[in-house]
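Here's the structure we're looking at; comments come further down.
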Amino acid sequence: MSRSIQIERSSRSQPCELCSGHEFDIVSRIDRRSDPLSTVACRSCGLVSHESIPSDADVEQYYAHDYRNDYHGEHTPSSHRILRAWEGAQWLLNLLRPYVRQGSRVFEVGAGIGFNVKSFEADGFQAEGIEPGQGFQKYSQDVLRANVKCLSLFDMSPTPQYDFILLVHVIEHFNSPKKALEHIRHLLRPDGRLYVECPNLAEPHAAPRKLFHYAHIYNFTPDTLVAMAEAAGFKTVARLTERHGKALRYVFEKSEPKCEVSSASYGNTIASLRRYNDFTYHARPRYLWQRLKRDVRFASNHILPTLRVHRILNRLQQTSGGGTAPSDTISAGSATYVRAT
Ligand SMILES: [Zn+2]
């Protein structure tokens with residue numbers, strides 16, 4: 001059953017970030033709270049974004065003060081969020097270990113409460129990060145003792161100094177993802193790698209009426225994410241997205257910029273948006289199974305969350321060695337790839 005989205009032509013004058021096209025279709029007029037938010041798809045390349053791209057000043061203001069509260073309803077993390085972040089960080093570390101050189105200098109852009117940085121550090125990597133949200137950055141520094149500074153990406157001088165950069169559920173928040181990726185490219189050493197993870201618009205990750213959000217300025221499909229990375233000077237090393245995965249996961253490395261978008265991209269985008277209505281989305285067996293697993297996990301995380309969090313934090317503080325060292329005292333590591341067998 002298809003979803004009958006109303007598609008109208010947009011009068012947007014800003015060109016497309018990916019293909020510089022000027023023709024857009026409006027694919028939604030509401031955000032996930034049913035507040036007004038116009039979302040468009042580029043008719044040339046299928047890239048989905050807000051109809052009106054916020055300015056740098058708008059974005060800076062939002063992330064410094066409103067984002068964490070607006071997004072999660074909290075300025076400092078709850079026990080439930082801490083547990084989820086810790087489990088997620090451990091899972092991600094295991095996923096990425098085959099692609100990170102031993103002794104690498106790892107850097108996370110948008111480190112949140114700092115568990116990814118701390119997990120890499122505890123695994124022997126030199127890890128640091130930046131997080132523009134003051135509440136979560138303070139938590140990562142004061143509680144986790146992770147090396148996370150309160151900075152934005154463009155505060156970083158464009159010096160090649162990192163071997164592996166993490167961009168986890170961050171690229172969709174930039175008002176110019178291409179500019180952000182180009183800046184990240186300058187921070188990477190010549191053989192450095194970049195991991196990008198973001199919601200997968202091509203697979204259902206939210207009910208049709210809950211897809212769009214002010215903080216997500218761009219919404220990527222596999223076609224548009226890879227094309228955006230290529231336009232910024234990267235090539236794909238590994239696609240780690242699971243089958244029917246709600247998140248896109250790619251490892252990229254530096255290459256020459258090229259602008260090439262699949263001719264099927266626009267059609268794929270529209271087909272994704274039309275695939276489900278609210279009823280068929282919620283009636284999917286996969287949704288019902290995931291909902292059950294989530295409810296069980298939620299219940300278990302709320303039985304003794306304080307005790308579990310206390311145990312995790314104690315363990316991390318015991319492993320803390322170089323976590324609070326200033327970044328300029330960290331030297332470069334060796335460059336041997338460790339691959340999973
Ligand atoms: Zn386009």
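Would you check if residue 68 is within 19 Å of the chain's Cα centre (by Cα) and either modelled with pLDDT under 90 or open to solvent by less than 20 Å² (accessible area, probe 1.4 Å) (or both)? Considered against the rule, which asks whether it is within 19 Å of the chain's Cα centre (by Cα) and either modelled with pLDDT under 90 or open to solvent by less than 20 Å² (accessible area, probe 1.4 Å) (or both), residue 68 comes out as yes.
Per the listing 274, 249, the residue uniquely modelled with pLDDT under 90 and among the basic types (Lys, Arg) is 274.
Taken together, the residues in the range 141-179 that are open to solvent by 30 Å² or more (accessible area, probe 1.4 Å), under 19 Å from residue 249 (Cβ atoms) and not aromatic (Phe, Trp, Tyr) amount to 1. Total residues in the range 79-104 satisfying the condition of being more than 17 Å from the chain's Cα centre (by Cα) and open to solvent by 20 Å² or more (accessible area, probe 1.4 Å): the figure is 8. Among the residues of the range 31-41, the ones that are open to solvent by 10 Å² or more (accessible area, probe 1.4 Å) and under 22 Å from the mean Cα position of the chain (by Cα) come to 5 in all. If the condition is being within 9 Å of the ligand (Cβ to nearest atom), touching a residue at least 12 places away in the same chain (Cβ under 8 Å) and surrounded by fewer than 23 Cβ atoms within 10 Å (Cβ to Cβ), then the range 16-30 contributes 16, 19, 21, 23. Scanning the range 283-290 for residues that are surrounded by 12 or more Cβ atoms within 10 Å (Cβ to Cβ), assigned to a helix (DSSP H, G or I) and either out of contact with any Lys or Arg (no Cβ under 8 Å at 6 or more places or on another chain) or modelled with pLDDT of 95 or more (or both) turns up at least one hit. Of all residues in the range 199-220 being outside any loop (DSSP other than H, G, I, E, B) and within 23 Å of residue 267 (Cβ to Cβ), which is most open to solvent (accessible area, probe 1.4 Å)? Here the residue is 209. Within the range 132-140, one or more residues are open to solvent by less than 10 Å² (accessible area, probe 1.4 Å), within 19 Å of the chain's Cα centre (by Cα) and in contact (Cβ under 8 Å) with a residue 40 or more places away in the chain. Just one residue in the set 13, 44, 55 is more than 8 Å from the ligand (Cβ to nearest atom) and open to solvent by less than 80 Å² (accessible area, probe 1.4 Å); that residue is 55.
The values are calculated or read from the model by the stated rules, or taken from the named source; none is laboratory data. The structure presented is a predicted model; accordingly, all values stated were derived computationally and were not measured. When we count neighbours, we look across all protein chains shown, and the Cβ atoms used for this are built from the backbone with ideal geometry, even at glycine. Keep in mind that these areas ignore ligands, DNA and RNA; they rest on the heavy atoms of the full protein, side chains included. Shrake-Rupley method; radii C 1.70, N 1.55, O 1.52, S 1.80 Å.
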